[in-house]
Structures are given as structure tokens and as C-alpha cells.
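Since the structure comes first, as C-alpha cells, the remarks are kept for the end.
The values are calculated or read from the model by the stated rules, or taken from the named source; none is laboratory data. All values reported here derive from a predicted model rather than from experimental measurement. Here the Cβ is made from the backbone with ideal geometry for all residues, glycine too, and neighbour counts use every protein chain on show. Just so you know, the surface numbers come from the protein's heavy atoms only, side chains and all, with ligands and any DNA or RNA stripped out. Shrake-Rupley method; radii C 1.70, N 1.55, O 1.52, S 1.80 Å.
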Amino acid sequence: NLYGRLEDQATLKRALDDLRQDMQTLRSALSPADQRLLDEHEQRVREMEQELAAAKQELGHAVPTLEQGVREENDNMPKISKMQIDLLVNGFAADFARVATLQFTNSVGQARMRWLGIDDKHHTLSHASDNDDAAQDKLTRINTWYCEQLAYLARKLADTPEPDGSGQSLLDNTLIVWTNELGQGNSHTLNNIPFVLVGGADGFTMGRSLKLPNVPHNRLLMAIAHAFGHRIDTFGNPDLCGGGALSLA
């Protein structure tokens, strides 16, 4: 009801006011790197206050509902992508989480990337022939957009200092793994699955393009586990782990 919403907003505003006072008191005792993290948290507080102010203007109106079909058509994907990435990085900076998964659609996602001028469904396009130049151009533009989301994530991590005062960034101590479940959509092949690694992890030399024909990706996943201190002997089907973890130093 209207009274309940007003009461909840007033309670949240008091909590935000108390949090702002605590942050101001804490600021003088922090290192420059920690002060930068505090600035980011203050920005989140300001955004919440702005949302409260906007909500106060809208009291008495119907609760907004999610537009029907938004999951399939998903014109909001660019906005949702940025929000999810910002939340992910903030969670890492505050040490709320140390592992995260970012998935945009399900494996048969039929999103239409209309913000790229593409009205075709993504999954349908992925089954087009290699000789269909128009479809391949659209797929390239879609993958470029996904790459831009990866770049945004990497920049956010690189611009966020580690809170331990080491002078490193979150990206220095985070390994981003960008991949797909298939090597090629129109044939559903499991060969030549692309993996892009970005960031910092023990045992990996970055800035290279490697081709590893007929090497099961189980061995790459073992190497990633080893980089983070998990000395496992197999990952998934043990028959595909012959040779042990990949050496990518």
C-alpha cells in the first residue's frame, strides 16, 4: 500500500544517510586506492538516492511490469549488460564474490540485436551457411558487440584498484574466460572451440593467438584450475585428460 511504500523508502533513506556519514568518517583513514573504492560506493549510494527520489514522484501509479516478450526480443540487452557488468565488478571490489559467470542468453537464445540494425534471430543466423555472406556479416557484427562487452568488463576491472594497496588492479588478479559451447553453430562441431583469456593468472602468457588442433578443452580447464591453486588430475571425462593440464606459460 501507499503508506507502506512511503515507510520503506523513509527507512532506506535513513540507512543511506547513516552510510554516507560513516563513509565520510572513514575516508581520512584510507589509502588513496581505498578512497577510490569508497568513491565508487558513494556513487552507488547517490544512484540509489536518485532512484528513491524518482520513485517518490511516481507514488500512486501502478507498479511497472516487464514488457511481454522482452526476454526473446531483448532490446534492453545493452542496458542489462552494462548493469550486470557493473554489479559484477562492484561485487569483486567489495569481496562479496570471487567467481562470477556472465551469460547473455540461453544456448538457443533467439535475441534480435536490433540496436545493431539486425532483425534476424541470432540462433537462426548461427545456422546459416558459410557461403551466406549477408548472414556471416551479421554474425560478425553480433560477435563484435559481444567483444565490446568483454572489453567493457576488462576496462572496469583494470580501472578498479585492488583494495590491498598493492598498486595492482582487479584485472591483474582476475582471469576472464570468454567462450562458446560450439566451434561452429551451423554444424554443431566440438572442434576448434574458441577460448579468449584476458587478465592475470599464474601459468598463462597473454597477448598470443594459439591453435591447438584436436586438444580437448578439458586440459585447458585443468590448467585454469591449477592457476588458482586447485591441483586436480582430471576435469570432466578422464579419458579426455591425457597429457595433463595444458602448459601455456
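Multiply the residue gap between Trp115 and Ser247 by 0.36 nm, knock off their C-alpha separation, and tell me the result in nm, one decimal place. Don't skip to the answer; put the middle values down first.
On the way: separation 132, 0.36 × 132 = 47.52 nm, distance 4.06 nm.
Computed gain between Trp115 and Ser247 is 43.5 nm.
Figure the gain on full extension for Thr189 and Asn173 (residue separation times 0.36 nm, minus the Cα-Cα span) and round it to one decimal in nm.
Numbers: separation 16, 0.36 × 16 = 5.76 nm, distance 3.29 nm.
Length gained, Thr189 through Asn173: 2.5 nm.
If I take R0 = 45 Å and measure r between the Cβ atoms of Leu210 and Asp18 in this structure, what FRET efficiency does the formula 1/(1 + (r/R0)^6) give, to the nearest 0.05? Could the numbers behind the result be given before it?
Values: r = 52 Å, r/R0 = 1.16.
Once the sixth-power term is evaluated, E becomes 0.30.
Given R₀ = 51 Å, what would the calculated FRET efficiency be for His127 paired with Glu47, taking r from the Cβ atoms and rounding to 0.05? Display every interim value, and only then the final one.
On the way: r = 41 Å, r/R0 = 0.80.
For R0 = 51 Å, the calculated efficiency reads 0.80.
Just how far, in whole angstrom, is the range 200-249 from the range 84-134 if you go by their alpha carbon centroids?
One Cα centre to the other: 25 Å.
With +1 assigned to the C-beta of every Lys and Arg and -1 to the C-beta of every Asp and Glu, and no other charges, what is the dipole magnitude of the range 104-157 about the Cα centre in debye, to the nearest 20? Working shown, then result.
On the way: 7 positive and 7 negative charges, 82 e Å.
Around 400 debye, computed over the range 104-157.
When the accessible area of the range 93-249 is computed with all protein chains present and a 1.4 Å probe, what percentage of it is carbon and sulfur? The partial results should precede the final answer.
Values: 4810 of 9630 Å².
C and S atoms contribute 50 percent here.
Just to be sure I understand the model, the point goes 7 Å from the Cα along the line to the Cβ. What's the resulting His230 to Arg155 distance in nm?
Between His230 and Arg155, the label points sit 3.1 nm apart.
Please work out the average accessible area per residue across the range 132-249, using the 1.4 Å probe convention, and give it in Å².
Values: 7060 Å² over 118 residues.
Solvent-accessible surface per residue comes out at 60 Å².
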